[in-house]
Amino acid sequence: MFIVETPSGCTTHDGYMQLGAHNHSIQRHLELNPSIDWVVVHWMPDPFSKRYKRVSFQKTAACNEGSPRTDNAGDSRPRDFPDQSN
């Protein structure tokens, strides 16, 4: 488990995902959780909102392109009324 200092305290993560944001110092966090082998680092993983799509999702999106049920080709017209024109 990794821990990094932030302006408001510290953040814990597992190298892939941020697990918690705490409003106390790293030293205090180490005192509160002595049974976990913490590694103090100076980096955090990117937030999920800034990550790339999963490979399996990319394959699914490519397979669904042009499908009338799951059109991922960028057609912004809703499918609720298919008989209406743009």
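Which condition from (1) farther than 14 Å from MET1 by Cα; (2) of a type in the set (Val, Ile, Thr); (3) at pLDDT 65 or above is the one that THR12 breaks?
Unmet condition: (1).
Please enumerate the residues belonging to the stretch 6-20 that are of a type in the set (A, V, I, L, M, F, W, C) and under 15 Å from ASP46 (Cβ atoms).
Of everything in the stretch 6-20, those that are of a type in the set (A, V, I, L, M, F, W, C) and under 15 Å from ASP46 (Cβ atoms) turn out to be MET17, LEU19.
Which residue pairs have Cβ atoms under 7 Å apart, sit 6 or more places apart or on different chains, and have a first residue in the stretch 36-49 that is within 13 Å of MET1 (Cβ to Cβ) and a second that is at pLDDT 90 or above and of a type in the set (Phe, Trp, Tyr)?
VAL39/PHE2; VAL41/PHE2
Across the stretch 1-40, what is the total count of residues that are hydroxyl-bearing (Ser, Thr, Tyr) and assigned to a loop (DSSP other than H, G, I, E, B)?
Counting residues in the stretch 1-40 that are hydroxyl-bearing (Ser, Thr, Tyr) and assigned to a loop (DSSP other than H, G, I, E, B) gives 4.
The values are calculated or read from the model by the stated rules, or taken from the named source; none is laboratory data. If you're wondering where the values come from, they're calculated on a predicted model, not measured in any experiment. No Cβ is skipped: glycine too gets one built from the backbone with ideal geometry, and neighbour counts run over all protein chains shown.
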